[in-house]
1. Quick one: is residue 114 at pLDDT 95 or above, under 16 Å from the mean Cα position of the chain (by Cα) and farther than 18 Å from residue 253 by Cα?
2. Give the range 184-198 a look and list any residue that's buried (at least 21 other Cβ atoms within 10 Å of the Cβ) and over 11 Å from residue 227 (Cβ atoms), or say none.
3. Just to confirm my filter: which strands (runs of 3 or more DSSP E) fall fully inside the range 36-105 and include at least 3 residues that are closer than 20 Å to residue 160 by Cα and either modelled with pLDDT of 95 or more or in the same structural domain as residue 259 (by TED's automatic domain parsing) (or both)?
4. So, in the range 224-249, exactly how many residues are closer than 30 Å to residue 96 by Cβ and under 16 Å from the mean Cα position of the chain (by Cα)?
5. Going through the range 197-221 one residue at a time, which ones are touching a helix residue (DSSP H, G or I) at 6+ places or on another chain (Cβ under 9 Å) and at pLDDT below 85?
6. Filter the range 212-247 for residues that are in a loop (DSSP other than H, G, I, E, B) and surrounded by fewer than 17 Cβ atoms within 10 Å (Cβ to Cβ) and give the result.
């Protein structure tokens, strides 16, 4: 009996040890993947909002450039390889103005007009805003601060908002067949009039960066609520929240890959 119990104890010890090794290996693999693989594994996702689309818009957001030229240059190459009418950017280009020239130099290689708005990391002094305007205009696009412009040879009206409620009444789109709103924080759309825009493009949330199956975004920046990532139906039109290209604080992503979104209108 003692010999049998000894063999059983040895067997269970081996089972537990093997289980521990497997669990440890899985944990190390997940950590490696989340910190070294997924943060730069860009996915291209297509959202079709019309049965017969006549306009293609590439959407990126939350670059948070911190000096990794190779990565941002690879994103620009991906953007250049996708046929589209324009690129739209919805905020947080850099976290430190020291990296702004580097980021703008890389974005200058885009072969499409670039339209954009600022995020909560992008509101600096006047001379920096002038630099942003000049760089975006050089691509054929525009840096928008509570303004509207026509793009794609007048086929679309692009409205760029700071998200301040007081700015919305004078930014109601008018004139163009297709109306596009760029705003960093998706919650700002809750104050818009009904059925105003063909699509609203937003960012800010990073999709939480870490996405837990069955739960969703592990962390949501306040006060985004349910607008974590993806397509939402709102009273003012379809809202798409892009999970971003870069990362904030920690360079980590899990089940929430950086994204280039192709919007077909």
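1. yes
2. Passing the criteria: 184, 192, 197, 198.
3. Working: elements: 43-48, 56-60, 86-90.
Result: 56-60, 86-90.
4. 16
5. Hits for the range 197-221 are 216, 217, 218, 219, 220, 221.
6. The initial filter retains those residues of the range 212-247 that are in a loop (DSSP other than H, G, I, E, B), namely 213-215, 218-229, 235-236, 242-247.
Scanning the range 212-247 gives 213, 214, 215, 218, 219, 221, 222, 223, 225, 226, 235.
Residue-by-condition table, conditions (1) under 15 Å from residue 79 (Cα atoms); (2) more than 20 Å from the chain's Cα centre (by Cα); (3) outside any loop (DSSP other than H, G, I, E, B); (4) outside the structural domain of residue 163 (by TED's automatic domain parsing):
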position	(1), (2), (3), (4)
110	yes, no, no, no
120	no, no, no, no
123	no, no, no, no
128	no, yes, yes, no
131	no, yes, yes, no
134	no, yes, yes, no
137	no, yes, yes, no
140	no, yes, no, no
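The values are calculated or read from the model by the stated rules, or taken from the named source; none is laboratory data. Here the structure is a predicted model, which means the values were calculated and not measured. Reconstructed Cβ throughout: ideal geometry from the backbone, glycine too, with neighbour counts over all protein chains shown.
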